[in-house]
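To keep things clear, I will list the structure first and then write my remarks on it.
The values are calculated or read from the model by the stated rules, or taken from the named source; none is laboratory data. Treat the numbers as computed from the prediction; the structure is a model and nothing was measured. Positions of Cβ are backbone-derived with ideal geometry, glycine not excepted, and every protein chain shown enters the neighbour counts.
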Amino acid sequence: MCAQAPAQEEILEATVVYVAEESEIDVGGRLQLYQKLELAILGGERAGEILVVEHGTVPMATVQRYKTGDRVFVRATGELEGVGSTRAYYLDSPSRWIALAGVAALLALVVVLVSGWRGLTSLAGLALSFVVLFAYILPGLYAGKDPLRVTLIGAAMIVPVSFFLVHGVSLKTVVAVFGTALGLLLTLGLAWAAIEITRLTGYSSEDAMLLQALAPGAYDIRGLLVAGILVGVLGVLDDVTVSQAAIVQQLAEANPKLGWGQLYRRAMRVGQDHIASVVNTLALVYAGAALPLLLLLRSGAGPVRYLLSQEFLAEEIVRVAVASIGLMAAVPLTTLLAAAAISFRVR
């Protein structure tokens, strides 16, 4: 039989057809679940081929228990010289994409049921954001282009189209677009300044170090850190700028005699409450994502000032602080723009 071309690594999706063996074995001095599984490859030229994979033979923090019918991903390593003769197969992870599709479908259903037509337009705006992210921003960053340029151009694609799609073409939406742009630019300046002052390198995560190891010098890691802050704050800016512009519009329609100064002051009273809740939400979202990190700090040794100086924590603090300042600044800026534009239109 002719030998096939070498293949260093391959990811295969398979389903568990039989659990041949299951027990607990000693791995690294502790008992750990062990399974010997028969898997059938799904799709591709090798569809239907049966693989036998041992799972749980190396120390693992947690071992998934698999049963017949479960879908999994298998990592194949080594060269394929004959019919799988020199390949090693390792169970990589559960296949979660079907379950994730179900969760996404449930989200879409709830959005449409609660918001009706506006919910459909918001889903369309979300789809657009993901298209720009995966079709433009990520490919540009992967190619080693300037992260800030790529991110700002991506934001310029997302913001106007998604805002007009979701909220309609109106003066309120135009003001929100300009308010978002100002907030984003201010966040950009603050992020660079904060990173310089705190001397962050962007290498607090293993992902950043792996990127640099795979392609030394190909990526601007500090630029990626700033770009990540901008992408993270972009969605929340939508919330605060549209809300403030809408508040000013409603006030003007309720009382056309109000001047721009009165519109600004009254809308800012609402905006101040909005700021407080959004900043609190933002901080809790970051804290929730970093719970394992916070527990690590709780059990760590050293004074607080030492812990705060560690890059992995300093980076998270900078993210929250810069994003919060950008959001807070966007509220008065958008409110001022809305008050001036709407009061002029009314007159």
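The residues in the range 1-23 that are surrounded by 11 or more Cβ atoms within 10 Å (Cβ to Cβ), charged (D, E, K, R) and modelled with pLDDT under 90 can be counted, and the count is 1.
Give the range 112-165 a look and list any residue that's under 29 Å from L210 (Cβ atoms) and among the β-branched types (V, I, T), or say none. Listed by number, the residues that qualify are V131, V132, I137, V150, T151, I153, I158. The number of residues in the range 130-153 being without any contact (Cβ under 8 Å) to a residue 40 or more places away in the chain and closer than 20 Å to T173 by Cα comes to 1. Apart from one condition, D239 fits all of (1) among the charged types (D, E, K, R); (2) within 30 Å of V132 (Cα to Cα); (3) loosely packed, with under 13 Cβ neighbours inside 10 Å; the exception is (3).
Given the structure, is L51 surrounded by 15 or more Cβ atoms within 10 Å (Cβ to Cβ), closer than 22 Å to E9 by Cβ and modelled with pLDDT under 85? The answer is no for L51.
Each residue in the range 226-237 was checked for being within 13 Å of the chain's Cα centre (by Cα) and within 17 Å of A314 (Cβ to Cβ), and 3 of them qualify. Could you list, in sequence order, all residues of the range 260-283 that are surrounded by 13 or more Cβ atoms within 10 Å (Cβ to Cβ) and touching a residue at least 60 places away in the same chain (Cβ under 8 Å)? Passing the criteria: W260, L263, Y264, A267, M268, G271. Across the range 131-144, the number of residues qualifying as surrounded by fewer than 17 Cβ atoms within 10 Å (Cβ to Cβ) and not hydroxyl-bearing (S, T, Y) comes to 8.
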